[in-house]
1. What's the percent breakdown of Cα-Cα distances in the stretch A:499-595 across 10 Å bins, shortest bin first?
2. Using modelled amide H (1.01 Å from N, peptide plane; none on Pro or chain starts), what sits under 5 Å from the amide H of A:Gln272, excluding residues fewer than 5 places away?
3. A drop of at least 40 square angstrom in accessible area, chain alone versus all protein chains together, probe 1.4 Å. Which residues of the stretch B:244-259 meet that?
4. Go ahead and estimate [θ] at 222 nm for chain B from helices alone: -39,500 (n - 2.57) per DSSP H run with n ≥ 4, summed, over the residue count, rounded to 500.
5. About its Cα centre, what dipole magnitude does the stretch A:419-515 give when the only charges are +1 on Lys and Arg Cβ and -1 on Asp and Glu Cβ, stated in debye to the nearest 20?
6. Return the sequence-ordered ³J(HN,Hα) values of the stretch A:308-313 in whole Hz as given by the Karplus equation 6.51 cos²θ - 1.76 cosθ + 1.60 applied to θ = phi - 60°, using x for Gly and Pro.
7. Along the positive direction of the dipole of chain A (beta-carbon charges: Lys, Arg +1; Asp, Glu -1; about the Cα centre), which of A:Asn238, A:Cys266, A:Ala579 reaches farthest?
8. Using every alpha carbon pair in the stretch B:341-424, what percent of pairs falls into each 5 Å bin from 0 up to the bin containing the largest distance?
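The values are calculated or read from the model by the stated rules, or taken from the named source; none is laboratory data. Because the structure is a prediction, the values reported are computed rather than measured. Note: ideal-geometry Cβ built from the backbone for every residue, glycine included; neighbour counts use all protein chains shown. Side chains are part of the model used for accessible areas, which takes the heavy atoms of the whole protein and leaves out ligands, DNA and RNA. Shrake-Rupley method; radii C 1.70, N 1.55, O 1.52, S 1.80 Å.
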Number of protein chains: 2
Amino acid sequence: MASYSAPLRDMRFVYHELFDSSDISALPGFEEATPDLIDAVLEEAAKVCENELFPINRSGDEEGCRYHQGGEVTTPSGFRECYRAYAEAGWIGLSSDPQYGGQGLPAAISTLLEEMVCSSNIAFGTYVGLSRGAYRAIAAFGNDSLKTRYLPKLTSGEWSGTMCLTEPQCGTDLGLLRTRAEPNADGSYRVTGNKIFISAGEHDLTENIIHLVLARLPDAPAGVRGISLFLVPKFLPNPDGDPGERNGVLCTALENKMGIKASSTCAMNFDQATGWLIGSANKGMQAMFVMMNDARLGVGVQGLGLSESAYQAAVEYARERLQGRSVTGTKHPDKPADPILVHPDIRRTLLTMRALTEGNRAMATWIARHLDLRERAEDETTRASANDFVQLMTPIAKAFFTDYGFDITNMGLQVYGGHGYIRENGVEQYVRDARIAQIYEGANGVQALDLVGRKVPAHTGRYLRQFFHPVQSWIESHAFTPALQPFVMPLAKAFGRLQLATGHIAQVGLKNPNEAAAASSEYLRLFGLVALGYLWARMVEVALTHENGADQGFYDAKVATARHYMERILPQTGSLFAAIMAGASTMMDFPDEAF
Amino acid sequence: MASYSAPLRDMRFVYHELFDSSDISALPGFEEATPDLIDAVLEEAAKVCENELFPINRSGDEEGCRYHQGGEVTTPSGFRECYRAYAEAGWIGLSSDPQYGGQGLPAAISTLLEEMVCSSNIAFGTYVGLSRGAYRAIAAFGNDSLKTRYLPKLTSGEWSGTMCLTEPQCGTDLGLLRTRAEPNADGSYRVTGNKIFISAGEHDLTENIIHLVLARLPDAPAGVRGISLFLVPKFLPNPDGDPGERNGVLCTALENKMGIKASSTCAMNFDQATGWLIGSANKGMQAMFVMMNDARLGVGVQGLGLSESAYQAAVEYARERLQGRSVTGTKHPDKPADPILVHPDIRRTLLTMRALTEGNRAMATWIARHLDLRERAEDETTRASANDFVQLMTPIAKAFFTDYGFDITNMGLQVYGGHGYIRENGVEQYVRDARIAQIYEGANGVQALDLVGRKVPAHTGRYLRQFFHPVQSWIESHAFTPALQPFVMPLAKAFGRLQLATGHIAQVGLKNPNEAAAASSEYLRLFGLVALGYLWARMVEVALTHENGADQGFYDAKVATARHYMERILPQTGSLFAAIMAGASTMMDFPDEAF
């Protein structure tokens, strides 16, 4: 049976040592986020995740959600109690505005909490994640009345939220959306239509559920320019703020899915349901994109969280499972066989899992820090640069973390051999749960298209500078540091490929957008690998300052893991570069009927 | 909903055009395997798979197998009827000896049948696959009495077979095996012990089940040199050959698995069960390896079969699903959106699936032809060379086909987006079903170790010649054919990497086996990619002889798919080569406690 122990040492390393956490605590409103407080918060979060969320993860998968006549949905045993405790301890509002009852802590911290939640129970995480998304959209675009009425309840966790985008005929292409909203005399709207794949659309965790629904006004232009965002509560709040009359929104079915079975995925019917406009008419996509961009990093973190769980499970099994002998001779003559950890192929697998997981954790924190800077930095230049960085890196993090999340959970299963395929051992659930993260909040191919089609060309490449400049400058200033040579050289080579590929795509993509689109997935992967290469080189730089100090094993492992990354993973940039340069013609010339 | 149509055109291409099928029909006993007969057999097989097996695939997954008090197991609805029809039509004995009621057709044909079975219902395929394995082991090592008693029943499908190897404490490492066998006065044995993960260990498809069980004799040496193989029937045959007294073998539980849910995976208890020795005492591993080697190609074909189904499902969905517009402008103004087939990233995905699937089909047939040559060629040199080739290529096919089988089924799911994650659409089942093939019959890491540790060094590299010589000679004789340049050049480059990597591994592995083991998985992948590169180049050579002829679209698609392979997939050999050359020290020096 897999177990989970939050990687607090590595989280502290990333938060305080790899990056300078005083940058964050210096921001207005974060004065109290001292290192001691941060560490205490992380420790408490670890306890909740290890002791409350993780123990109901496997049982939640077996039991799943249940649909009941009349449209009610019950979550698996233990979820209600766990949710209540989680909400009451204030975890849902960890980074929410204190004005609405939140703890007001940095996004860089709540991202680490999210990782732990996803490591221990990703299905549970979907409920709180959706509430956070709804909170942000209302906070950013709602009027004061909506904010006052809904944000405290979403922060406390008494109520939860959803994002209602998808309809049977429209997923990626929201221009095809049919749900409509008609104005009432009192300024509210009547929302009517069918939505599918609505995570947390119905459940028994909260007394009310707040749906954020994309719909069309009667006079709306066709396509994505005619979409507005509405707030539609399950129960209409009474004047005193408590849930009152039942609204015309009903869960009509639960989807039977490959994984995240404890997360309710609902088909929802809105029948003249009362709702309120969030933001301006026909500007719903803008609000939705703000919400989605945040949610995309959150989905990336799901991949990261499951990577960590899978790594821990695989290491545990590799230590315990006795099978065969080392090819260089018996290592444990006292045992009937050596633990499989002696085998090079197992060690290669584990180090690959580790290098990618720790690298992705560093990248998640790097991005989350920029969320805080974007929100709170006092000078506008810093805020604008931080936004550029977040815009650029979000699609990369979403696709890269979740593609590797799936690969890493599968590596973990493979270490278990046949025992990994058996449900009771828990690791195949990680694989099934991880699979959805490559799809929702924009399938990873859509992320890649967002990168090459929007983020790279935006403002003639301005976003790119926030990545290219620091990497270039770090390489230049460390190119002649002897101890860093085994890390700077491969990074410089891979970075060169990224620069060439970027120039190539920008050029050919301008003439023929198919060229950029054809290269997009491989380009995103190349970008992510280079970003991790840079972060690993910087982690080595930090680790080497601790030679012969306390915690030596931790820092030595950092350096060795970085070496594995440079030797075995970063070289993939070479074949990605070759594929990118091959162009679009072969795939575009292939006749449709020949497929 | 996914559908399936057997790729008969491509099968005929591979069987008759890429390779010379008259080589096979010229073998003694295959005189009747004329092109017309072969094509008729393939067409009939397609009908059975499309119309009988495929329709109960999804329902079989939902329903699963059921365990009943007393150790009986029932298969899902429709499996019994389907099995009976399949057996009565003679498909189980397609390549079995006519002496025992088989059809006596080439392995190259039965491999194509196996592909169709796995495409349409891999769980069903496990029952017939295990029977075939048992047939082969008894045919190769059983005495005449066992052959006469059991082979006709296994051929007709009245009885089925199993392979009982794994025990809780021993999977890969059979040296740890504890099941024991004690001799009876009449020459039979009493077999006692517990086995797990026994596919088809108990079910309701046949009137008897024949277990081939690895066990230890009382005086057996420790480790793998003390293992013998026993035949243990569920019902002891009466003198008239019909099932008689119940034997002391009982299914004690069914495993709850990630996939292949309609395949019964049993925990089996043998309690003084009567059995008979197959082959010599303490030589059970030899017999088992013969059986396993055949089974390994069969498992590889499972990966191939699911790749084909996933490809077809993805193409179908990409044509039907309307979502977004082409980035170069609307392609279907008459529709609310363009089919997603217009998007480069979807086309790249489909061509990648296609290039690997068709390439693997060519490779499976290439190997299966050598099974026939090994078995039936009149001169001993041909038989010996064919055996060398089979020995070398089997671990590659097993791991390469199944790793890509999993990747390709996932690519298919990704094309479906969120709809792919929903069980009723059928494609997530392909993913879950494909996952086991990377594990059973020797996990893919074990295949890689077999390749570098046994097959490459065997007889100082003799096996390798059967691959290296034809590839080298083909490259040399086509290096200056202008139309083949875009294929010969990348192949030559990749082949050069394989040659260098082989030399390197042979050299460093001799001094330190960890070096070969550390490189093994990447080396196997490199080998497989080069083999496919060679086969794709040869397929182009054939296709180009049909310019402006009948069936032009088919041959043009071959050339275009080959180009995609050379441009987008084969370049991965570069990064694999770099990883191989990085050596073992980083992973072996990593302290155990630091993982």
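1. Bins of 10 Å from zero give 15, 32, 23, 16, 10, 4, 1 percent of pairs.
2. Residues meeting the criterion, in which the H sits 1.01 Å from N, are A:Val191, A:Thr192, A:Gly193.
3. B:Asn256, B:Met258
4. One gets -18000 deg cm²/dmol as the mean residue ellipticity at 222 nm.
5. Using only the charged Cβ atoms, the result is roughly 300 debye.
6. Result, ordered by residue: 5, 4, 5, 4, 4, 5 Hz.
7. A:Ala579
8. Reading upward from the zero bin: 3, 14, 18, 15, 13, 11, 9, 7, 6, 4, 2, 0.
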